[in-house]
Amino acid sequence: MNVTLKKLKDSFPDSIIDTHSFRGDDTAIVKKEHIVKICEFLRDDDDLLYNFMMDLTAVDYLGREPRFEVVYHFYSLKHNRRVRIKAPVPESNCTIDSIVSLWIGADWFEREVYDLYGIVFKGHPNLKRILLYEGFEGHPLRKDYPVKERQPLIGPKN
Amino acid sequence: MSAGQEEGIEKVLGNSVLLTQLDAIVDWGRKYSFFLYPFVTACCGMEFMSVAGPRYDLDRFGAALPRFSPRQADLLMVVGTISHKQAPILVKVYNQMTEPKWVFSFGVCATSGGFYDNYATVQGIDTLIPVDVYVPGCPPRPEMVIDGLLKLQEKVAKEKWSDWPRGEALVSKKGR
């Protein structure tokens, strides 16, 4: 379990902002610029072999700087281990590198995060809305999206 | 209901016995012969099927035959959740129906958005088209639907000749 965090800290000493581990759940908070290298290391290193990208999502901490955090969950089929990688993304520079080059399955996860949070993934082959329709204005899962917002497609209230 | 909108025949005859009897006959014919347009999108459709089935019969009230063309139907039953993408379609179908027409909001999703209080569901179709009867329930019991239909029949029985035509729903006039 702590093998992962130890190896990460040894190989990327200046990219890891923080790590913590609770009852077997390992988490590493990394800088967003190095996310692709870190994910590649997690996937290819012989002791780690995190070959299954389980989840890619984002969290909006409104009021905190940096505002968003992109969360990745990885699982190693061989070693039966999980790790969580969090990459803070500020609102002013709301982009992060895409990991589609490492896992093709991350394609739709990143489109969903773009659709609902507005975080742009650099290097993504087809970044457009996936769940909502094309004329939708705004990113609804952000905390400052009003719940009762009336979209242009359905017009004003009679 | 029809304030200041009197047609030619009403102006001549006023509120005379001839016209009220004509209203009564026409409303009697209309209320006992609804042609439904079941605009079914979601789970309430199952309950609609059971209302239209043999046990809770809608045929007893004259509302037996569903017509899946808006030109031939007069009662638009909006059954189920209306999402934002579905909203222009609903408004288009409503506008294509010929007058006289009534709207029956079946279930809480059509009435008020239901428990989908979110960014992609229309919070009640009365923000899009004028509704005559609201039947809440998730889904409503068939007896509730029949009660709603009877209330609609009572409403139709009180209508006057000058109530129709009314014009199209406002949402469709939006420039896109």
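The values are calculated or read from the model by the stated rules, or taken from the named source; none is laboratory data. Quick caveat, the model's predicted, so the values are computed rather than measured. Here the Cβ is made from the backbone with ideal geometry for all residues, glycine too, and neighbour counts use every protein chain on show. Just so you know, the surface numbers come from the protein's heavy atoms only, side chains and all, with ligands and any DNA or RNA stripped out. Shrake-Rupley method; radii C 1.70, N 1.55, O 1.52, S 1.80 Å.
Calculate, for the stretch B:29-172, the solvent-accessible area per residue in square angstrom, rolling a 1.4 angstrom probe over the heavy atoms of the protein chains.
Working: 6360 Å² over 144 residues.
Result: 44 Å² per residue.
Considering amide H positions built from the backbone, and no H for Pro or chain starts, which residues 5 or more places from A:Thr19, or on another chain, come under 5 Å of its amide H?
A:Ile29
Using θ = phi - 60° and the Karplus relation 6.51 cos²θ - 1.76 cosθ + 1.60, list the HN-Hα couplings for the stretch B:75-87 in order, rounded to whole Hz, with x at every Gly or Pro.
Here the 3J(HN,Hα) series is 10, 8, 9, 8, 10, x, 5, 10, 8, 4, 5, 7, 4 Hz.
Which residue, A:Ile119, A:Ile96, A:Ile17, tops the fluctuation ranking in a GNM of chain A built on C-alpha contacts under 10 Å?
Of the options given, A:Ile17 has the highest mean-square fluctuation.
Give me the percent of the accessible area of the protein assembly as shown that comes from carbon and sulfur atoms, probe 1.4 Å, all protein chains in place.
Details: 9660 of 17380 Å².
Heavy-atom surface of the protein assembly as shown belonging to carbon and sulfur, 1.4 Å probe: 56 percent.
Got a sec? Which residues of the stretch B:75-90 lose 50 Å² or more of accessible surface with every protein chain in place, vs. that chain alone, 1.4 Å probe?
For the stretch B:75-90, once contacts with the other chains are taken into account, B:His84 lose 50 Å² or more.
Relative to the longest principal axis of chain B, what angle (0 to 90°, nearest 10) does the C-alpha long axis of helix B:17-31 take?
In chain B, helix B:17-31 runs at an angle near 20 degrees to the longest axis.
Just to check I understand the Karplus step: with θ = phi - 60° and J = 6.51 cos²θ - 1.76 cosθ + 1.60, what whole-Hz values come out for the stretch A:30-41, glycine and proline as x?
Karplus-based 3J(HN,Hα) across the stretch A:30-41 equals 10, 7, 5, 5, 9, 5, 5, 5, 5, 5, 5, 5 Hz.
To the nearest hundred square angstrom, how large is the accessible surface buried between B and A, total for both chains, probe 1.4 angstrom?
Working: alone 9680 and 9070 Å², together 17380 Å².
Heavy-atom accessible area buried at this interface is about 1400 Å².
Give me the accessible area per residue for the stretch A:27-158, probe 1.4 Å, as a whole number in Å². Write down the numbers at each step before the final one.
Numbers: 6550 Å² over 132 residues.
For the stretch A:27-158, the solvent-accessible area averages 50 Å² per residue.
Let me know the Rg and Dmax you get for the stretch B:15-161 when you use only its Cα atoms, in Å.
Calculated on Cα positions, Rg and Dmax stand at 15.4, 52 Å.
Using modelled amide H (1.01 Å from N, peptide plane; none on Pro or chain starts), what sits under 5 Å from the amide H of B:Val40, excluding residues fewer than 5 places away?
B:Val79
If the cut-off is a Cα-Cα distance under 27 Å, which lysines reach B:Lys85, setting aside same-chain residues fewer than 8 apart in sequence?
A:Lys128, A:Lys143, A:Lys148, A:Lys157, B:Lys101, B:Lys173, B:Lys174
Equivalent ellipsoid semi-axes for the protein assembly as shown, as square roots of 5 times the alpha carbon gyration tensor eigenvalues: give them largest first, rounded to whole Å.
60, 21, 14
Hey, can you grab everything whose amide H is under 5 Å from the amide H of B:Gly113? Only 5+ residues off in sequence or another chain; H modelled, so Pro and N-termini drop out.
Under 5 Å from the amide H of B:Gly113 lie the amide H atoms of B:Gly124, B:Ile125, each far enough along the sequence or on another chain.
Can you work out the FRET efficiency for the pair A:Lys37 and A:Thr57, with r the C-beta to C-beta distance and R0 = 25 Å, to the nearest 0.05?
Values: r = 21 Å, r/R0 = 0.84.
E(calc), rounded to 0.05, equals 0.75.
Calculate one ³J(HN,Hα) per residue across the stretch B:92-105 by plugging θ = phi - 60° into the Karplus curve 6.51 cos²θ - 1.76 cosθ + 1.60, and present them in order as whole Hz with x for glycine and proline.
5, 5, 4, 5, 7, 5, 8, 6, x, 9, 10, 10, 10, 8
Near A:Lys7, which lysines are there with a Cα under 18 Å away, not counting those fewer than 8 places off in the same chain?
A:Lys31, A:Lys37, A:Lys78, A:Lys86
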